[in-house]
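The values are calculated or read from the model by the stated rules, or taken from the named source; none is laboratory data. What you see is a predicted model; the values in this text were computed from it and never measured. Every residue, glycine as well, gets a Cβ built from its backbone with ideal geometry; the counts of neighbours run over all protein chains shown.
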Amino acid sequence: MIAFLVTMVSPAAAEPGAEDVYRALGVFDAPTDYVVLVDTSGSMAEHQRYDNVRTNLRTFFGKLGDRDLVTLVTFDVVPSMVHSGSPKSAVAAVDAMPVVPRGAATDIGAALELAVSLLEGGKPGLSGAIVLITDGIARPPAASRYHEQGGPAWSELAARGRGLASRTGGYVVPVASGESGTDQMRSVVPGTVLLPYAEGVGDFLSRLQEQVKRGNARRALGDDLTSGVEVSWSVPDGADLADPVAAKLVLRSTARAMPLELRNLRVETQGLPGEVRGLPDRVELAAGERRELELTMSSTEPAWKGIGRVAHPVRADLRFAADVGTSWRPVLERDLGVRLENPAASAGGTWNGVLTKGVRWLYLLFAFVALITLPLTGFLLWARRNPVMRGVLVAIGGDDTTHRIPLHGSRRVTFPRPEAGGLGGRFRVRGATAPRGTPVLTYLKPDGTAGQSRMCPPDAGDLDLYGVVFRYHRNATH
């Protein structure tokens, strides 16, 4: 048994849409537990930032799914939970937020700690999203545990955040240029997405739901980004390549959700006096699918080479290789911003067998006998169709000249036509099979075409054939 791993090395051709990928990953309409942190420090009142946030939060909550959960938190000196429940009730809960932001501090660390605590105690299996909406001016109060950036409190919170990383994403919605709180957020939630700043928070929130879906998809992919195809194959040791040898190739996808595709499947050999056939051009594997391929190994050397059957040992190095990709690649790279790993695919093993070559002695004997008997048989058949003639054939031409043609001991006789009107040509005489040996005459015209054939029985009188009279005397010798 030879086993190895083929890893991802090339893209596939088909291109499903982002929605198809989201559905396959189970995140298209999967519920999300949102924790929305809204800065209510005094600086948020500038340029009507806070009013815009409240207005657009209503719109954002109204677009969420019925199965989503929303926890709305305001923070300045300390964080305060305004609402926890359905998106529909969260729309009305926006009115419970402070009408005017007057906070004297901005403690992002304390707000993130509350968000982490809420998600740690949230519904099991539900994807989480921490949304930070701030003008980015972090001013924690002196008494805050998070007053010192990078201090022990931040380290402790970062460790707790890593515990949520497999199911939680971070998203920063900046409402002012400059600082955005992204560094603090990323120290707690790795991979936090910073939405590009633009005037007005509405555009951010309208894109946030899609960003959350993409984040959920990235986390759902997990190890699929580096997944490959486990390959094992079996060729019976000791098999004889003189006859086709059956081999089995087993492919198994290690991906949990992503489909894989193998292209350019090939078996490279060294020391194998033959070839491997049966590999398809392409194989598509669903996530976790196992597929068996039936292959054939056979010799490419002449089996008759050499005298006597001899089994030659074969020790061959076999290497299977394939380019492995996924039809999801364009969506993963374009929409989700992830890249697939591209290590080379290379593995193989050794096969021990034999190749029996040479002509069997019995076959040589058959060939020798055939060499002798076939010509002999052919001659006997010819002789049977052309029996030996006897006697003398007398031919009288048009000028009454008599010609005697001895037939005794001959099977075929050819002689020029006796002069009879200057027609020329020849006569051919052969013995008939019945009555055996009786001459049969055939006139051959000057152009070589055969004329009429007539049998000339013995002592039966004259036979006139094309102006020549023939008489056959069986017992005459000359």
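List of remarks:
- Check on Arg160, modelled with pLDDT under 95 and not hydrophobic (A, V, I, L, M, F, W, C): no
- The C-beta contact set for segment 338-354 (first residue loosely packed, with under 13 Cβ neighbours inside 10 Å and of a type in the set (Gly, Ala, Ser), second residue in a loop (DSSP other than H, G, I, E, B) and at pLDDT below 85, distance under 9 angstrom, 6+ apart or interchain) comprises Ala344/Val9.
- Conditions (1) closer than 30 Å to Gly238 by Cβ; (2) modelled with pLDDT of 80 or more; number of the one not met by Gly308: (2)
- Residue count, segment 450-470 (criterion: in contact with a His (Cβ under 9 Å, 6 or more places away or on another chain) and loosely packed, with under 12 Cβ neighbours inside 10 Å): 1
- Residue match in segment 236-252 (condition: buried (at least 16 other Cβ atoms within 10 Å of the Cβ) and at pLDDT below 85): yes
- Of the strands (runs of 3 or more DSSP E) lying entirely inside segment 242-299, those carrying at least 3 residues that are touching a residue at least 24 places away in the same chain (Cβ under 8 Å), within 18 Å of Ser227 (Cα to Cα) and not hydroxyl-bearing (Ser, Thr, Tyr) are 245-253, 260-270, 282-285.
- Wholly within segment 44-147, helices (runs of 4 or more DSSP H) carrying at least 3 residues that are surrounded by fewer than 16 Cβ atoms within 10 Å (Cβ to Cβ) and in the same structural domain as Val175 (by TED's automatic domain parsing): 49-63, 87-93
- Some residue of segment 17-24 being modelled with pLDDT under 90, in contact with a Pro (Cβ under 9 Å, 6 or more places away or on another chain), among the acidic types (Asp, Glu) and not assigned by TED's automatic domain parsing to the domain that holds Gly136: no
- Note on segment 411-468: enclosed strands (runs of 3 or more DSSP E) holding 2 or more residues that are on the phi < 0 side of the Ramachandran plot and not aliphatic (A, V, I, L, M) are 412-416, 426-433, 436-444, 450-455.
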